[in-house]
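Remarks on the structure that follows.
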Amino acid sequence: MDWKRGEFTISTDKSRLQFDVIQSFLANDSYWAKTRTPEQTRTAIENSICFGLYHDDQQIGFARVVSDQATFAYLGDVFVLNEFVASSIYELLLSFSLYNTILSQQF
């Protein structure tokens, strides 16, 4: 499922995720996942509801939700590349991650 706002797109399509962008940010720029291996990141993505944030076709952000899709949802690994933080596009990513139709039945 895709949502567009201007030149930005949020997608739950895992085939669009750019793994190198995600792993690079987590390993180099996050404080919480510096020691996570690529294999651990792949497993986490496979077992989560993922949201890719794109500017044109370039991935600029990511969020993943771990949920039983009935009673809880845990939001993790949220980031927007530094050059896009000033645009406040991260607010759109958080909003769609928390309130999209997949999870709306839980809250």
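What follows is calculated from the coordinates using simple rules that are stated; it is not laboratory data. This one's a predicted model, so the numbers in the text were calculated from it and none came from an experiment. Here the Cβ positions follow ideal geometry from the backbone for every residue, glycine too, while neighbour counts run over all protein chains shown.
A few comments on the model shown:
- For the range 33-38, backbone phi angles converted through the Karplus equation (6.51, -1.76, 1.60; θ = phi - 60°) give residue-by-residue couplings of 10, 4, 9, 6, 7, x Hz, Gly and Pro being listed as x.
- For log10 I(q)/I(0) by the Debye sum over Cα atoms at q = 0.14 Å⁻¹, the candidate list reads (i) -0.72; (ii) -0.51; (iii) -0.57; the entry that matches the value derived from this model is (ii).
- The range 35-94, Cα convex hull volume normalised per residue, Å³: 108 Å³
- Annotation for the range 9-63: trypsin sites (Lys or Arg not before Pro) lying in DSSP loop with at most 11 further Cβ atoms inside 10 Å of their Cβ are Lys34.
- Each of Tyr74, Gln18, Trp3 was scored by the projection of its Cα onto the charge dipole of the range 2-106, and the greatest displacement toward the positive side belongs to Tyr74; charges sit on the C-beta of Lys, Arg, Asp and Glu.
- Over the chain, relative contact order from alpha-carbon pairs under 8 Å, at least 6 apart, %: 22 percent
- Look at Ile49, Ile60 and count the other Cβ atoms within 10 Å of each Cβ; fewest to most, that gives Ile49, Ile60.
- Fluctuation leader among Val78, Val65, Val21 - the chain, Gaussian network, Cα springs under 10 angstrom: Val21
- Dipole moment magnitude, nearest 20 debye, the chain about Cα centre, only Lys, Arg, Asp, Glu C-beta charged: 200 debye
- For a paramagnetic label modelled on Asp68 (point 7 Å from Cα along Cα→Cβ), amide N atoms under 17 Å away belong, within the range 41-57, to 48-49.
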